[in-house]
Amino acid sequence: MKSQSTQPLGAILAQAKLVTPAQVEAALTEQTQQPKRLLGEILANNGWVKQQTADFFAERWNIIVQQAQQGSPKSLGYYLREAGLLDEQQLKVILSEQEQGRLWVRVGALAVLKGWLNQTTVDFLLEHLYPEKAGDSPFLKAKQ
């Protein structure tokens, strides 16, 4: 896998399945015509990704990955909210559903089941932020 610090924003967003390679290519073409515009701004203006999401991956992603590698990642829900991939209400719904069941489903798995996120996006985040847990079951053990 290519180091995150050397990957351009378009490659990161495409790898996470937040945009398609064709959308990145179109945005790069537009950027050559308007070189002062940022790629994330172009992607957001075309409605392909939220500006918050583009900014998160452009400005904070490398630092967050480094922090995670040093053993200090925050919760997946925190990152999903910060990146604009889930809103506060969606996170509340997920946490509420986790509390109600006897077999809890992880935040990322519930977001995918509800159609709020793509499984590839969740896998991308897990792989980079929690590599030791990336292969874990989507289910949590029941509370005793």
Seminar exercise, completed: With Cα coordinates, the longest principal axis of the chain makes an angle with the long axis of helix 88-100, in degrees rounded to 10, of 20
Exercise. Where does the Debye-calculated log10 I(q)/I(0) of the stretch 1-142 sit at q = 0.22 Å⁻¹, using only Cα point scatterers of equal weight, no solvent?
Worked result: -1.43
Problem set entry | Greater than 32 Å apart at Cα, pairs in 50/74; 36/92; 36/114 | 36/92; 36/114
For this session: Name the residue, out of 120, 20, 29, whose mean-square fluctuation peaks in a Gaussian network model built on the chain with Cα pairs under 10 Å.
Result: 29
For this session: On the protein heavy atoms, probe 1.4 angstrom, tell me the percent of accessible surface of the stretch 8-108 carried by carbon and sulfur.
Result: 51
Exercise. By how many degrees, between 0 and 90 and to the nearest 10, does the Cα long axis of helix 119-129 differ from the longest principal axis of the chain?
Worked result: 90
Exercise. Using modelled amide H (1.01 Å from N, peptide plane; none on Pro or chain starts), what sits under 5 Å from the amide H of residue 105, excluding residues fewer than 5 places away?
Worked result: 140
Exercise. Excluding residue 46 itself, what net charge comes from residues whose Cβ is under 13 Å from its Cβ, given Lys and Arg +1 and Asp and Glu -1?
Worked result: -1
Seminar exercise, completed: the stretch 19-41 and the stretch 66-115 have their Cα centres apart by a whole-number Å value of 30
Exercise. If packing is taken as the mean number of other Cβ atoms within 10 Å per residue, what is the order of 65-74, 79-88, highest first?
Worked result: 79-88, 65-74
Seminar exercise, completed: Probe 1.4 Å, heavy atoms of protein chains only: per residue, the accessible area of the chain in Å² is 59
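The values are calculated or read from the model by the stated rules, or taken from the named source; none is laboratory data. Note that the coordinates shown come from a computational prediction; the quantities given were computed from them, not determined experimentally. A quick note on method: Cβ atoms are made from the backbone with ideal geometry, for glycine too, and the neighbour counts reach across all protein chains shown. With ligands, DNA and RNA removed, areas are computed over all heavy atoms of the protein, side chains included. Shrake-Rupley method; radii C 1.70, N 1.55, O 1.52, S 1.80 Å.
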